[in-house]
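Student: Attaching a single structure in structure tokens format; questions to follow.
The values are calculated or read from the model by the stated rules, or taken from the named source; none is laboratory data. Please read all numbers here as calculations on a predicted model, not as lab measurements. Don't worry about glycine lacking a Cβ; one is built from the backbone with ideal geometry, like all the others, and counts go over all protein chains shown.
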Amino acid sequence: MDIGSTMQRIPAFVSNPALLWTLALAACLLSALLIGIEPVGGDPDRMYRPIKAELARALDEGGMPYWSDRVGLGFPLLAESHAAAYYPPNQVLYRLLSVPLAYRLSMFLHYLLMAGATYAYGRRLDLSPYGAALAALSFSFCGFQSIHSSHEWSYHALAYLPICLLAAERIMAEGRLVWVAGLAVAYGLQLTVGHFQVQSWTAGLVVATGAWRALEAPRRACRALGLLAGLAWGAAIAAVQLGPSWELARFVGFDDRPFLSLAFFGFPPAHWAELVAPGWLRGIPGGPEAGYWYALGTTGYEACLYIGTIPLIFAFVGLVSQRDSATRFWTGVSLATFLLAILPSVWLQGFEWVTSVPGMGLFRAPGRFLAVTSLGLALIAGRGLDRGGSRAPAWFGLVLAIAFAAGGPGGSSPGRGGRTTSASWGGIGS
């Protein structure tokens, strides 16, 4: 028997132990969802599961939830994008399973999809299998994912971000229509998830990928039109959801939010040391909604930046080693999104200018840009793992990580009283 030819016939995902171990480890970390342990309280119990119960009831009756008289005094539930009534997995899960089981299984599967998609995107950026595995696990279980595990839109939509970026890379490299269609399907699915904040980042990053690759190879610049076509095609696929949701958003005034509402829920720049010590600011008296947080224009439910201590060390190794094109790109993206997250805290007028850019004033909570920052740092960490082949780079990365944490501004230490000192932020947060 020719062992070499036999191995060639084995699917790549089976013959790749790094991917298998990545998915297996992610599944182990998520396995509690399969036995009934899940996020409770807050948005899951106040909003997501009740909405999904109404979706399941409508599907069971053979229709769609165009209107629900069980939400408030009556509500156009189909237009409420959190229902994600047109999202294909929801059509299957909430028809066949009970609402609690469907909710947990959907969460489990989307986190696995996120890990697998991040791994595939990392491999496309020439990370080694183990570098891509580190990036996948670091991003899928980072601090942002942890605090937003109660937000269904977050882990649903972010699972498609690496898929869209992978398709964008293939379009710019090959220019094949099949990848344009792949981008359209992935982006269309992401849009039907609802909420649309992550989807706006996805479109921006796809366009940025096209610009980056076009600058590297100007003769391929025309392929960027394929990216625009894929995004437009995806929006057309999801138009059945986008139309009603936009009409509802305009009716309730979400298309014209007050500026201070847009600027609330940023990331306090003094908290950058959380990258090294994630629990440092999590025991503040009063909890995640203490006066301390409101004084900084946010809450503990929205402000978190952490990718893991070991990934952080390797991220510094990746930053200081000889950088390739992908590392430079994601360094720039990570820095830009971090600055957007902290901008309301350091330069409110500057953030007001940012929100005047068309499309940038539709979504609040600038601290959520840290999701993209975390993805960038995770990918850079994967590159650092590939280049940290000896102890010296790893120790150097550790020293830089500690120095980075120690450089946090002195004002980052929370006062024990946690009193609100900003009338503007206090009024918006209440």
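Student: Among the residues of segment 286-307, write down those that are in a loop (DSSP other than H, G, I, E, B) and over 30 Å from Leu379 (Cα atoms).
Tutor: Of all residues in segment 286-307, those in a loop (DSSP other than H, G, I, E, B) come to 286, 290, 296-307.
Of everything in segment 286-307, those that are in a loop (DSSP other than H, G, I, E, B) and over 30 Å from Leu379 (Cα atoms) turn out to be Gly286, Ala290.
Student: Right, Ala159: among the hydrophobic types (A, V, I, L, M, F, W, C), modelled with pLDDT of 95 or more and closer than 14 Å to Gly382 by Cα or not?
Tutor: On the way: among the hydrophobic types (A, V, I, L, M, F, W, C): yes; modelled with pLDDT of 95 or more: yes; closer than 14 Å to Gly382 by Cα: no.
No, not satisfied.
Student: Also, I was wondering about something else. Look through segment 292-318, keep the residues that are aliphatic (A, V, I, L, M) and out of contact with any Ser or Thr (no Cβ under 6 Å at 6 or more places or on another chain), and return whichever of them is surrounded by the fewest Cβ atoms within 10 Å (Cβ to Cβ). Working first, answer last.
Tutor: We begin by selecting, within segment 292-318, every residue aliphatic (A, V, I, L, M); these are 295-296, 303, 305, 307, 310, 312-313, 315, 317.
Filter once more, so that each one left must be out of contact with any Ser or Thr (no Cβ under 6 Å at 6 or more places or on another chain): 296, 303, 305, 310, 312-313, 315, 317.
Details: Leu296: 25, Ala303: 27, Leu305: 23, Ile310: 16, Leu312: 26, Ile313: 25, Ala315: 32, Val317: 26.
So the residue we want is Ile310.
Student: A further question follows. For a quick check of your reading of the model, give me the residue pairs whose first member lies in segment 167-186 and is within 17 Å of Tyr119 (Cα to Cα) and of a type in the set (Asp, Glu), whose second is at pLDDT 95 or above and assigned to a loop (DSSP other than H, G, I, E, B), with beta-carbon atoms closer than 9 Å and at least 6 apart or on different chains.
Tutor: Glu169/Leu125
Student: Is it the case that Ala249 is outside the structural domain of Tyr111 (by TED's automatic domain parsing) and at pLDDT below 95?
Tutor: yes
Student: Name the helices (runs of 4 or more DSSP H) wholly inside segment 135-219 in which the number of residues that are buried (at least 18 other Cβ atoms within 10 Å of the Cβ) and in contact with a Pro (Cβ under 9 Å, 6 or more places away or on another chain) is 1 or more.
Tutor: Here the list reads 143-147, 152-158, 177-193.
Student: Take the residues of segment 258-283 that are modelled with pLDDT of 90 or more and surrounded by fewer than 20 Cβ atoms within 10 Å (Cβ to Cβ): which is farthest from Met64 (Cα to Cα)?
Tutor: Pro269
Student: Separate question: For segment 183-202, which positions are of a type in the set (A, V, I, L, M, F, W, C), closer than 18 Å to Glu169 by Cα and in contact with a Gly (Cβ under 9 Å, 6 or more places away or on another chain)? I'd like the intermediate steps shown before the answer.
Tutor: Taking segment 183-202 as the starting set, the residues that turn out to be of a type in the set (A, V, I, L, M, F, W, C) are 183-186, 189, 191, 193, 196, 198, 201.
Within this subset, residues satisfying the condition of being closer than 18 Å to Glu169 by Cα are 183-186, 201.
Within segment 183-202, Leu183, Ala184, Val185, Ala186 qualify.
Student: A further question follows. Would you check which residues across segment 319-375 are surrounded by 16 or more Cβ atoms within 10 Å (Cβ to Cβ) and basic (Lys, Arg) and list them?
Tutor: Within segment 319-375, Arg323, Arg364, Arg368 qualify.
Student: Let me ask something else about it. Could you figure out which of (1) at pLDDT 95 or above; (2) buried (at least 16 other Cβ atoms within 10 Å of the Cβ) isn't true of Leu228?
Tutor: Evaluating Leu228 over (1) at pLDDT 95 or above; (2) buried (at least 16 other Cβ atoms within 10 Å of the Cβ) leaves (2) as the failure.
Student: Would you confirm whether or not segment 225-237 contains a residue that is over 17 Å from Gly376 (Cβ atoms), in contact (Cβ under 8 Å) with a residue 60 or more places away in the chain and out of contact with any Cys (no Cβ under 9 Å at 6 or more places or on another chain)? Can you show your working first?
Tutor: The initial filter retains those residues of segment 225-237 that are over 17 Å from Gly376 (Cβ atoms), namely 225-237.
Now drop any that are not in contact (Cβ under 8 Å) with a residue 60 or more places away in the chain, which leaves 230.
Still in the list and also out of contact with any Cys (no Cβ under 9 Å at 6 or more places or on another chain): none.
Scanning segment 225-237, I find no residue that is over 17 Å from Gly376 (Cβ atoms), in contact (Cβ under 8 Å) with a residue 60 or more places away in the chain and out of contact with any Cys (no Cβ under 9 Å at 6 or more places or on another chain), so the answer is no.
Student: A follow-up question, please. What are the residues in segment 30-65 that are in contact with a helix residue (DSSP H, G or I) (Cβ under 8 Å, 6 or more places away or on another chain), closer than 15 Å to Ala79 by Cα and in a helix (DSSP H, G or I), if any?
Tutor: Of everything in segment 30-65, those that are in contact with a helix residue (DSSP H, G or I) (Cβ under 8 Å, 6 or more places away or on another chain), closer than 15 Å to Ala79 by Cα and in a helix (DSSP H, G or I) turn out to be Met47, Tyr48, Ile51, Lys52, Glu54, Leu55.
Student: Another question, then. Can you pull out the residues in segment 134-154 that are among the hydrophobic types (A, V, I, L, M, F, W, C) and over 9 Å from the mean Cα position of the chain (by Cα)? Before the answer, list the steps.
Tutor: Just the residues of segment 134-154 that are among the hydrophobic types (A, V, I, L, M, F, W, C), to begin with: 134-137, 139, 141-142, 144, 147, 153.
Leu134, Ala135, Ala136, Leu137, Phe141, Cys142, Ile147, Trp153, listed by residue number.
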